[in-house]
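I have placed the structure first, in the form of structure tokens, so that the comments after it can refer back to it.
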Amino acid sequence: MTAEPQDRMIRAIAAGGEVRATILTTTALTREIQRRHQMDAVVAAATSRVASSALLLSTALKGDQSVTIEVRGAGPLTYARATADAYGGVRAYAARDTFPDAERPATIQAAFGAEGRLLVIRDLGLGEPYQGVTPLITGSVAHDLTFYYLNSEQIRTAVGMDERFTAAGTCEASGAFLVQALPPAGQTVQDELRHLALTEQLADRVEALPPLRELLADGGLDAEVLLAEFFPEGFSILEDSPIAFRCACSQERMQDGLRMLGRAEVDEAFAEEGEPLHLRCHFCNNIYPVYQKDLPWGSSEPG
Ligand SMILES: [Zn+2]
């Protein structure tokens, strides 16, 4: 049995910090999403791209902060949602996991459809989470995230995401990259011109890349190879850290959720489904059995 590849997030800067890149290898993550939710390959790929988007946006998070990405389209998949934490953990699910053979979309774009929106929710622990929303451009997720950066953050960005599945539907490799030229710190015409030149140079290099699918090695993306393509003059690695599927759910949290529903509704659920109730976490598909005795009002008759 071969060991599962270790997914990583690698962040690098170049040109004195004015350009930066993040590379994700996500082979194990895609497999884990697919295994947990028993997804068709196309749904797993689409959901994994949304998870990659959340990870790409998670690099500035600290402590308990999180970022959630939701891609919602007019296509048959309807939506996929992922939340990343500050430590390389991400969880994700989609509106549905499988399609009948005749209805299964052939591509991620067909699954989401080109009309819809990409929603970014940043929970910085400061009360109301910050929300940004942009229209979907292609439904491929990668282009939609590019447009989000341009539209909401005024940062010219290139995002690539791809994956390879076997004919049997197993993920062989998947990965993602983001490369961007940061707005200049200075305000002079020279600063602006240098920024434009860097942006154009970066765009040309991204354009000249071989198809991402060809760059996907067995374990995912080879970050060093990709970074050398983006920054042939040299680069510095800022971070090389593990990423993995991780969910914040627990027995206690699920029981707390029931408590908030109120006793009447919970009693009704027990009457309909019997004991224990099997509560499923949407994000990770873990099942938590809950007994009446575990609830604050105990197993006494309602009165
Ligand atoms: Zn969970």
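Exposure proxy shown here: for Asp162, Asp191, the number of other Cβ atoms within 10 Å sets the order, fewest to most, as Asp191, Asp162.
The Rg/Rh ratio for the chain, using Cα coordinates for both the radius of gyration and the Kirkwood hydrodynamic radius, is 1.03. Each Cα pair under 8 Å and six or more residues apart adds its separation to the average, and for segment 132-245 the resulting relative contact order is 19 percent. Placing unit charges on the Cβ atoms only, positive for Lys and Arg and negative for Asp and Glu, gives segment 8-245 a dipole magnitude near 560 debye about its Cα centre. Qualifying GluC sites (Glu not before Pro) in segment 208-249, where qualification requires a DSSP coil assignment and no more than 10 other C-beta atoms within 10 Å, comprise Glu233. Membrane-span-like helices in the chain, defined here as complete DSSP H runs extending at least 20 Å along the helix axis by their C-alpha atoms with mean Kyte-Doolittle hydropathy no lower than -0.5, are 41-56, 189-208; this is a sequence and geometry rule, not a statement about a membrane. When the charge dipole of the chain is built from unit charges on Cβ atoms (+1 for Lys and Arg, -1 for Asp and Glu) and taken about the Cα centre, the candidate among Gln187, Ala228, Leu145 whose Cα reaches farthest toward its positive end is Gln187.
In this Cβ point-charge picture (+1 for Lys and Arg, -1 for Asp and Glu), segment 251-294 has a dipole of about 200 debye about its Cα centre.
The peptide list 260-273, 68-81, 141-154, 22-35, put in order of mean Cβ contacts within 10 Å with the highest first, becomes 22-35, 68-81, 141-154, 260-273. Computed from the C-beta positions of Glu115 and Ala168 and an R0 of 45 Å, the FRET efficiency is 0.90 to the nearest 0.05. One Cα centroid belongs to segment 217-293, the other to segment 105-133; the line between them spans 17 Å. Here the ratio of the Cα radius of gyration of segment 251-294 to 2.2 N^0.38 Å is 1.08. Taking only alpha carbon atoms, segment 37-132 gives an Rg to Rh ratio of 1.02, where Rh is the Kirkwood radius.
Readers should treat all values here as calculations from the given coordinates under stated rules, not as data from a laboratory. Everything quoted here is computed from the prediction, not taken from an experiment. Every residue, glycine as well, gets a Cβ built from its backbone with ideal geometry; the counts of neighbours run over all protein chains shown.
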